[in-house]
1. Taking residue B:90 as the residue in question, decide whether it is farther than 18 Å from residue B:222 by Cα and among the small types (Gly, Ala, Ser).
2. Do we have any residue at all in the stretch A:97-109 that's closer than 30 Å to residue B:6 by Cβ, touching a residue at least 60 places away in the same chain (Cβ under 8 Å) and surrounded by fewer than 23 Cβ atoms within 10 Å (Cβ to Cβ)?
3. When you go through (1) under 15 Å from residue B:237 (Cα atoms); (2) over 27 Å from the mean Cα position of the chain (by Cα) one by one for residue B:198, which number turns out not to apply?
4. Which condition number in (1) over 19 Å from residue A:78 (Cα atoms); (2) part of a helix (DSSP H, G or I); (3) more than 11 Å from chain B (Cβ to nearest Cβ); (4) touching a residue at least 60 places away in the same chain (Cβ under 8 Å) is the one that residue A:262 fails?
5. Which of the residues spanning the stretch A:120-136 are surrounded by 19 or more Cβ atoms within 10 Å (Cβ to Cβ) and either in contact (Cβ under 8 Å) with a residue 12 or more places away in the chain or under 20 Å from the mean Cα position of the chain (by Cα) (or both)?
6. Across the stretch A:172-190, what is the total count of residues that are part of a helix (DSSP H, G or I) and touching a residue at least 40 places away in the same chain (Cβ under 8 Å)?
7. Please count how many residues of the stretch B:1-48 are part of a loop (DSSP other than H, G, I, E, B) and either within 8 Å of chain A (Cβ to nearest Cβ) or free of Cβ contacts under 8 Å to residues at least 60 places away in the same chain (or both).
8. Check B:27, B:34, B:56, B:5 and return the single one that is aliphatic (A, V, I, L, M), over 33 Å from the mean Cα position of the chain (by Cα) and farther than 26 Å from residue B:246 by Cβ.
Amino acid sequence: MSVGKPNATVYGLLLAFVLGSAFPFYWSFVVASRDSATVSQRVPPLLPGGNFFANAAKVFDSVPFWKALGNSMIVAGTVTVSTVLLSTLAGFAFAKLRFRGRGVLFVAVVATLAVPTQLGIVPLYMLMAEFGWANSLEAVIVPNLVTALGVFWMRQYISEAVPFELIEAARMDGCSLIRTFWHVCLPAVRPAAAFLGMFTFMTSWNDFLWPLVALDAGNPTIQVALEKLQSGFYIDYSLVLAGTTMATVPVLLIFVLLGRQIVAGIMQGAVKG
Amino acid sequence: MRDRLGEWDLRFSPYLYIAPFFLIFGLTGLFPLLYTAYVALFDWELGGAEPTFVGLDNFTTLLADEQFWTTLTNTISIFLLSSGPQLVIAVLLAALLNTRVRPATGWRVGVLLPYAASLVAIGIIFANLFGRDFGLVNTLLEVFGLDRIDWQANRFASHLAIAFMVNWRWTGYNALIVLAAMQAIPKDVYEAAVVDGAGAVRRFFSITLPLLRPTLIFMVITSTIGGLQIFTEPKLFDTRPGSNNGGSSNQFQTITLYLYQSAFENQNFGYASAIAWVLFLVIIIFAGINFLLTRRLAGVGR
């Protein structure tokens, strides 16, 4: 339910907020498209210059940018596909199948939401070294193959979106459970799966602490590469911000193209009174 | 035969479907967390000698460690500076979005924009904006006839700048969550209040806020867990890039940053694990306090 008619003040405040949200992106592009000397002027430039590609070229010389971009694509892609599939599978079981301990096990899943897994990075690092995964992408992929949030989200959606009758009908026709999942459940949950996918991709793409621990400078994800970009004695901000601009473009693109769905997904998944 | 297979399928397949979650979480979530408690009891150096059992030594050292107390204070200070304003602005922003603005989705997407940014990119951009000599913020301050602020060197100013980063990123996201809850409030409740002669402010405090309570509690808890673990922003805010010190005198080093430094710079795994457990306790305590507080506050007017 919407309340009241918006007046000019409402639009003015919203516009101010959105401009404030967009400004840092714009500013980083302004700096990225100039040379480092113009940035240190007393009166800073407010319009983009023509140096973006020159700065971008320097980024490629300073860090393994393409490798980092590729790594991030592999990590975020794998994590996304796996999280969506495994969360939907588990959500399907919790929502529609009867088995002993279902209630307790589901409570366990929800409880793990409150566990800050970040705090276990030291043993996790040791574990990954033990597996021989130190500095390889497995170390970043495996811990994120499926998440409690994903399982919870898909269970809620499947409970409402997939009627029992449909599953019964498939079973009558002699479908095994896994075929029922594949042919009945999966097609029905596409909107929720799409949102979970976008959300997971963005989270994974932007993850920093764990990749920083698990990977070294020669084999980074894009976020780790960005941090290395500014780890010299002298920071060339034009160069660094050209890097951040390039690394932000893929996510911004996803966001602009799919923003409506992302917003709808957040609104749907929010805790309601 | 076919029936037997079908029955097995029904009985055991569900466990197979939920197994991946429990396997992955057990291995990479729960086990490390518990193992942290074990490692914390040792003098455990990466690549050093065999770990030696030291009991609670790491914890007693930690409690006497001035740097630890500095980082704890910093973390709480940044957390308070970020979560408080963030919540208030998010609720107000949601109220704005809850009017019949056109296009509704357009504004919502615009408000959510910062959420798409990478923390690292944002950290670098804001460190630039808040730079002492050439930062845009200081230039603006000068234009308005104010003094430049050394955002990195001054302790409180650095907390303020870092909190600003956090708020910039999360306020819109939280506003959408609040908005969803606002839209679930039935219209007739408001109509009844109007009939009873309640003004807009009264309606907000007596109807909207109490009905938002579950959402506010959820937001406060998640922002507590996230906020107390803050790492990326302070790490990137340092003028000495790559440093884990959180400024020359640790003025904006947070607990997670100290944990990272202890483990991966000083290679002292035992000490880092002790920090992790103390941070875990701090998070639990704060989540508890905030839970009670939010319940009380949002209950005003009932």
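1. Working: farther than 18 Å from residue B:222 by Cα: no; among the small types (Gly, Ala, Ser): yes.
When the stated conditions are applied, residue B:90 does not pass them.
2. First, pick out the residues of the stretch A:97-109 that are closer than 30 Å to residue B:6 by Cβ: A:97-109.
Among the residues that remain, those that are also touching a residue at least 60 places away in the same chain (Cβ under 8 Å) are: A:97.
Then drop every residue that is not surrounded by fewer than 23 Cβ atoms within 10 Å (Cβ to Cβ), which leaves A:97.
Yes, because at least one residue in the stretch A:97-109 is closer than 30 Å to residue B:6 by Cβ, touching a residue at least 60 places away in the same chain (Cβ under 8 Å) and surrounded by fewer than 23 Cβ atoms within 10 Å (Cβ to Cβ).
3. Condition (1) is where residue B:198 drops out.
4. (3) is the only condition that residue A:262 fails.
5. Once the filter is applied, which keeps residues that are surrounded by 19 or more Cβ atoms within 10 Å (Cβ to Cβ) and either in contact (Cβ under 8 Å) with a residue 12 or more places away in the chain or under 20 Å from the mean Cα position of the chain (by Cα) (or both), the stretch A:120-136 yields A:121, A:124, A:125, A:128.
6. Keep residues of the stretch A:172-190 that are part of a helix (DSSP H, G or I), which gives A:172, A:177-188, A:190.
So of that shortlist, the ones also touching a residue at least 40 places away in the same chain (Cβ under 8 Å) come out as A:177, A:181, A:185-186.
Qualifying residue count, the stretch A:172-190: 4.
7. As a first pass, look at the stretch B:1-48 and keep what is part of a loop (DSSP other than H, G, I, E, B): B:1, B:40-41, B:44, B:46-48.
If we keep only those that are either within 8 Å of chain A (Cβ to nearest Cβ) or free of Cβ contacts under 8 Å to residues at least 60 places away in the same chain (or both) as well, we get B:1.
Selection size over the stretch B:1-48: 1.
8. Values: B:27 fails: over 33 Å from the mean Cα position of the chain (by Cα); B:34 fails: over 33 Å from the mean Cα position of the chain (by Cα); B:56 fails: over 33 Å from the mean Cα position of the chain (by Cα).
Exactly one of B:27, B:34, B:56, B:5 is aliphatic (A, V, I, L, M), over 33 Å from the mean Cα position of the chain (by Cα) and farther than 26 Å from residue B:246 by Cβ, namely B:5.
The values are calculated or read from the model by the stated rules, or taken from the named source; none is laboratory data. The structure displayed is predicted, hence computed values, not measured ones. Because the Cβ atoms are built from the backbone with ideal geometry, glycine has one as well, and the counts that use them run over all protein chains shown.
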